[in-house]
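Chemist: This is the structure I want to talk about, given as structure tokens.
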Amino acid sequence: MNDGSENLIEIRDLDYARGHRQIFKDLNISITRGQVTAIMGPSGTGKTTLLRLITRQLVPDRGSIFVGGVDISTLSLNELYKLRRRFGMLFQAGALLTDLNVFENVAFPLREHTKLPNRLIRHIVLTKLHAVGLRGAADMVPAQLSGGMARRVALARAMVMDPEILIYDEPFVGLDPISMGVIVRLVRKMNDALGISSILVSHDVQEVSTVADCSYLISDGKVAASGSPDELSNTSSELVRQFMHGMADGPVAFHFAAPNYAEQLLGRDNE
Amino acid sequence: MLREIWVTFVDFVRTFGALQLFFLRLLAATPSIFVRRFGLVVKQVYNAGALSLVIIMVCGLFVGGVLGLQGYSNLSKFNAEDSVGTFAAFSLLKELGPVITALLFAGRAGTSLASEIGLMKATDQLSAMEMMAINPLRRVLVPRFLGGVISMPLLAAVFSMVGLFGAHMVAVSLLGVDAGAFWQQMAATLDVRDVNEGIFKSFVFGVVASVLAVWEGYNAIPTAEGVGRATTRTVVITAIAVLIIDFMITASFLR
């Protein structure tokens, strides 16, 4: 069953609960090598949790996750760290190290993991910064950067070890349209030019549709639909249509579960 | 009621056990840092030690001055004002130096360690390191812990020295105690053992204050409120721990 050449990441029958809340139930996802795979879903469906499960920052209650054909729950801490070097991850807020400047932030993984001479590190870092258009900001500190710039620096840092898999956690949230367009194009460019595979967690339907090869829509802890963006937007499923077209009414209720409105306004709910 | 006490007790024992395990993990990672990344430790010695120097010296000077005044006014009742130097030296080297330095250290360096680490956690910096296959325990916690351990005894020594200077200033220059008697009596009565007790205390307090600050920051709830609470707890718990341990060390050094 090991088809490692095709599916880079394979999630099988995954269950995960936090406290009493069941977040995932029988989740199955496969991520194809060389593609941009998007994981979409309404807020609070545990999309970020899923990323943390894939990188084993969290451990599932049941089920298994294979990366390159290896079940990651069997890895020792050393093997896990070795595996993580094949990942690059872009955090929601960038997660740049606040006590280092932009250059040192990007150089950080190189300095920690390699013994490369300074000249070479400088060369690599400047190349990566140039790719995200921020070579000129090398001497700035993270506090001086705007949200979009911080995310681009974080992207440069995620790429600096030349990972096989790039993971983006909500890369489009809180960006102005220009930065958004820049990031969207970067995601696609990185994926195709460097031959890596990308996993993208987002609820921005428009942006995802332009960049993703394949999307999974998660709802109630399960995959509600999957396929290319076109397939998803032309689907007959009520839930998928509601999500893809941003409608307030549908299977996903706008209102959180509450007592009867009129009764509550009249103050009868306490009696 | 009994049940609640029992639950609190079990909780305490659990936390204490976890703290000890955490301490052992810090110690286990210490040698490699010393060999490979000593620069990180030096930076933290600067942060925790050098940046605390001013507050330590100002406090030391005034505590020494008070010792000079109090010692003089009490000892002169027995016509023993010449002993004010001995009195100040004993108080400073054995007790006030290590203890007050530890309390100031918790307030100045401990809080900044706890809040810095807590904020790094809250802004995903620690997770980001883990994702880059870098162990934050090694890269972030151990250098800060060692910086504190190295700084504390040095700060305590500076505190005692400046304190003695303050006592001398008040007693000799202000109140007219004979300078020769001030130093001579001190040298005659003070034993190496007394100095060692102070050094030992300041070392132990350094370990305790640093490990608690790092622990509180690392285990902070990653929100603004959680980091604030962790910072407060650092000062409170360090103060309690230092005073209890001080009692135990003093008792064990008693002849």
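Chemist: State the dimensionless ratio Rg/Rh of chain A (Rg: radius of gyration of Cα atoms; Rh: Kirkwood radius).
Modeler: Computed over Cα atoms, the ratio is 1.02.
Chemist: Just to check I understand the Karplus step: with θ = phi - 60° and J = 6.51 cos²θ - 1.76 cosθ + 1.60, what whole-Hz values come out for the stretch A:72-86, glycine and proline as x?
Modeler: 6, 6, 8, 7, 7, 4, 5, 5, 4, 5, 5, 5, 5, 5, 7
Chemist: So, one more: What are the residues whose amide H is under 5 Å from the amide H of A:ILE39, where those residues sit 5 or more places off or on another chain and H is modelled from the backbone?
Modeler: For A:ILE39, the qualifying residues are A:LEU200, A:VAL201, A:SER202, A:TYR216.
Chemist: Moving to a separate point now. How do B:ILE33, A:ILE39, B:ILE134 line up, fewest other C-beta atoms within 10 Å first? If you can, show how the numbers build up before the last one.
Modeler: Details: B:ILE33 18, A:ILE39 28, B:ILE134 21.
So the residues, fewest neighbours to most, are B:ILE33, B:ILE134, A:ILE39.
Chemist: Here's a follow-up. Only helical DSSP H runs with n ≥ 4 go in: add -39500 (n - 2.57) per run for chain A, normalise by residue count and round the 222 nm mean residue ellipticity to 500 deg cm²/dmol.
Modeler: Calculated from helices alone, the mean residue ellipticity at 222 nm is -10500 deg cm²/dmol.
Chemist: Sticking with this one: Can you tell which of A:ILE121, A:VAL59, A:VAL70 lies farthest toward the positive end of the dipole of chain A, using +1 and -1 charges on the Cβ of basic and acidic side chains (Lys, Arg; Asp, Glu)?
Modeler: About the Cα centre, the residue reaching furthest to the positive side is A:ILE121.
Chemist: Taking amide H positions as placed in the peptide plane 1.01 Å from N, state which residues far from A:ILE167 in sequence (5 or more) or on other chains have amide H under 5 Å from it.
Modeler: Amide H neighbours of A:ILE167: A:GLY88, A:MET89, A:LEU90, A:ILE199.
Chemist: How big, in percent, is the set of alpha carbon pairs in the stretch B:177-247 lying more than 21 Å apart?
Modeler: Pairs farther apart than 21 Å: 50 percent.
Chemist: Could you put B:VAL63, B:VAL58, B:VAL207 in order, starting from the residue whose Cβ has the fewest other Cβ atoms within 10 Å?
Modeler: Least to most surrounded, the residues fall as B:VAL58, B:VAL207, B:VAL63.
Chemist: Please return the longest range in chain A lying between exposed loop sites, taking chymotrypsin sites (Phe, Trp or Tyr not before Pro), DSSP loop only, at most 14 other beta-carbon atoms within 10 Å, and leaving the sites out.
Modeler: A:1-253
Chemist: On C-alpha positions alone, give me the angle between the axis of helix B:179-189 and the longest principal axis of chain B, in degrees, nearest 10.
Modeler: Once rounded, the angle reads 60 degrees.
Chemist: Treat every Asp and Glu Cβ in the protein assembly as shown as -1 and every Lys and Arg Cβ as +1, leave all other atoms uncharged, and give the resulting dipole magnitude about the Cα centre to the nearest 20 debye.
Modeler: Details: 46 positive and 45 negative charges, 296 e Å.
It works out to roughly 1420 debye.
Chemist: While we're here: Filter the chymotrypsin sites (Phe, Trp or Tyr not before Pro) in the stretch B:46-83 down to the DSSP loop ones having no more than 11 other Cβ atoms within 10 Å, then list what survives.
Modeler: Sites meeting the loop and neighbour criteria: none at all.
Chemist: Moving on to the next point. Students often get this wrong: which residues of the stretch B:92-127 have the backbone nitrogen under 20 Å from the point 7 angstrom along Cα-to-C-beta of B:LEU175?
Modeler: B:92-97
Chemist: Further question: What does DSSP give for the protein assembly as shown in terms of the percent of beta bridges that are antiparallel, rounded to the nearest 5?
Modeler: Values: 20 of 38 bridges.
That works out to approximately 55 percent antiparallel.
Chemist: Let me ask something else. At 4 °C and a viscosity of 1.567 mPa s, what translational diffusion coefficient does Stokes-Einstein give for the stretch A:99-162, taking Rh as the Kirkwood radius over Cα pairs? Give it in µm²/s as a whole number.
Modeler: Details: Rh = 11.4 Å.
Translational diffusion coefficient: 113 µm²/s.
Chemist: Residue by residue, what Karplus-based ³J(HN,Hα) values in Hz, rounded to whole numbers, does the stretch B:110-125 have, using 6.51, -1.76 and 1.60 with θ = phi - 60° and x for Gly and Pro?
Modeler: Couplings: x, 5, 5, 4, 4, 6, 4, 5, x, 5, 4, 5, 5, 9, 6, 5 Hz.
Chemist: Right, next: Send over the semi-axes of the stretch A:182-271's equivalent ellipsoid, whole angstrom and largest first, taken as the square roots of 5 times the C-alpha gyration tensor eigenvalues.
Modeler: 38, 14, 11
Chemist: Let me ask something else about it. Using +1 at the C-beta of Lys and Arg and -1 at the C-beta of Asp and Glu, which of B:VAL208, B:LEU137, B:ILE249 has the Cα lying farthest in the positive direction of the dipole of the stretch B:38-253?
Modeler: Final value for the positive-end residue is B:LEU137.
Chemist: Taking the stretch A:1-87 on its own, what percent of its Cα-Cα pair distances exceed 20 Å?
Modeler: 33
Chemist: For the stretch A:27-37, take each phi angle, set θ = phi - 60°, evaluate the Karplus expression 6.51 cos²θ - 1.76 cosθ + 1.60, and give the result in whole Hz per residue in order, putting x for glycine and proline.
Modeler: Ordered by residue, 3J(HN,Hα) equals 8, 10, 9, 10, 10, 7, 4, x, 10, 9, 9 Hz.
Chemist: Mind jotting down a quarter of the surface of the convex hull over the alpha carbons of the stretch A:64-147, in square nanometres, one decimal?
Modeler: 7.2
Chemist: Convert 10 °C to kelvin, take the viscosity as 1.306 mPa s, use the Kirkwood radius over C-alpha pairs of the protein assembly as shown as Rh, and evaluate the Stokes-Einstein diffusion coefficient in µm²/s, rounded to a whole number.
Modeler: 59
Chemist: Beta carbons within 10 angstrom, averaged per residue: use that to sort the peptides A:42-48, A:199-205, highest first.
Modeler: Numbers: A:42-48: 15.3, A:199-205: 22.0.
Result, highest mean Cβ count within 10 Å first: A:199-205, A:42-48.
Chemist: Could you line up B:TRP6, B:TRP183, B:TRP215 from fewest to most neighbouring Cβ atoms inside 10 Å?
Modeler: Sorted ascending by nearby Cβ count, the order is B:TRP6, B:TRP183, B:TRP215.
Chemist: Still on this structure, I have one more. Between the stretch B:86-161 and the stretch B:228-247, what's the alpha-carbon centroid distance in Å?
Modeler: Using only Cα atoms, the two centres lie 12 Å from each other.
Chemist: Please report, to one decimal in angstroms, the Kirkwood hydrodynamic radius of the stretch B:38-253 built from all distinct Cα-Cα pairs.
Modeler: After inverting the pairwise mean of 1/r, the radius is 18.3 Å.
Chemist: Find the Cα radius of gyration of the stretch B:1-116, compare it with 2.2 N^0.38 Å by division, and give the number to two decimals.
Modeler: Dividing the Cα Rg of the stretch B:1-116 by 2.2 N^0.38 Å gives 1.59.
Chemist: For chain B, what does -39500 (n - 2.57) per DSSP helix run (n ≥ 4), summed and divided by total residues, give at 222 nm, in deg cm²/dmol to the nearest 500?
Modeler: Roughly -26500 deg cm²/dmol at 222 nm, from the helical runs in chain B.
Chemist: Across 5 Å bins from 0, what is the distribution of all Cα-Cα pair distances for the stretch B:31-79, in whole percents?
Modeler: Bins of 5 Å from zero give 5, 18, 12, 12, 10, 9, 9, 8, 7, 6, 4, 1 percent of pairs.
Each reported figure results from applying straightforward, stated rules to the coordinates on display, with no laboratory input. This one's a predicted model, so the numbers in the text were calculated from it and none came from an experiment. Note that each Cβ is placed from the backbone with ideal geometry, even for glycine, and that neighbours are counted across all protein chains shown.
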